[in-house]
Amino acid sequence: MQIPPTPDDEHDRLDSLRAIGLLDTSPEERFDRITRLASRLFDVPMALVTFVDADRQWFKSKVGTEADETPREHSFCGHAILEPDVLLVADAAQDVRFHDNPLVTGHPGIRFYAGCPIAAPDGALVGTVCVIDDRPRE
């Protein structure tokens, strides 16, 4: 498993994340509509709106999981915030970055992941909207 590298602008990125004021807040229908729609449109069992904090990825909205967060070192989203484009992992079990990740080898058995970075108003990449499946796919 490759732990997501720390972005060069991590200090500023975390400041931007905190400034938007969404970490550890209650669920909101506006975010829940996004995850429900993503799950249906992409026909996946899991969809999340995540924010990548210093040591965790926290789920502002979620479909298909009861977890509220996972360690950043295990996060796919920690990799996704490194680039402005969508991160697509067709089969995590075959990807050197993730093949031995506990989220792949154990519950929830992630195989497919697609994550689109979320930018704060200042452009810092602070999280993702992602869709996840337990089977490989394109």
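Assorted remarks:
- Between ARG40 and ARG137, full extension at 0.36 nm per residue minus the direct alpha carbon distance yields a gain of 33.4 nm.
- Against the empirical curve 2.2 N^0.38 Å, the C-alpha radius of gyration of the chain lands at a ratio of 0.97.
- Global form of the stretch 1-78, assessed from the alpha-carbon gyration tensor, a/c cut-off 1.5: oblate
- Most to least packed among 98-108, 50-60 [average Cβ atoms within 10 Å]: 50-60, 98-108
- Theoretical ellipticity at 222 nm over the chain - DSSP helices of four or more residues, -39500 (n - 2.57) apiece, nearest 500: -6000 deg cm²/dmol
- Residues whose placed amide H lies under 5 Å from that of ILE118, excluding near-sequence neighbours: VAL126, GLY127, THR128, VAL129
- Sorted largest first by accessible area at a 1.4 angstrom probe radius, with every protein chain in place, the residues ASP8, ASP32, ASP68, ASP133 fall in the order ASP8, ASP68, ASP32, ASP133.
- Solvent-accessible area, 1.4 Å probe, carbon plus sulfur percent, for the stretch 1-81: 51
The values are calculated or read from the model by the stated rules, or taken from the named source; none is laboratory data. Here the structure is a predicted model, which is why all the values come from computation and not from measurement. Don't worry about glycine lacking a Cβ; one is built from the backbone with ideal geometry, like all the others, and counts go over all protein chains shown. For the accessible areas, the whole protein counts, side chains as well, though only heavy atoms, and no ligand, DNA or RNA atoms are used. Shrake-Rupley method; radii C 1.70, N 1.55, O 1.52, S 1.80 Å.
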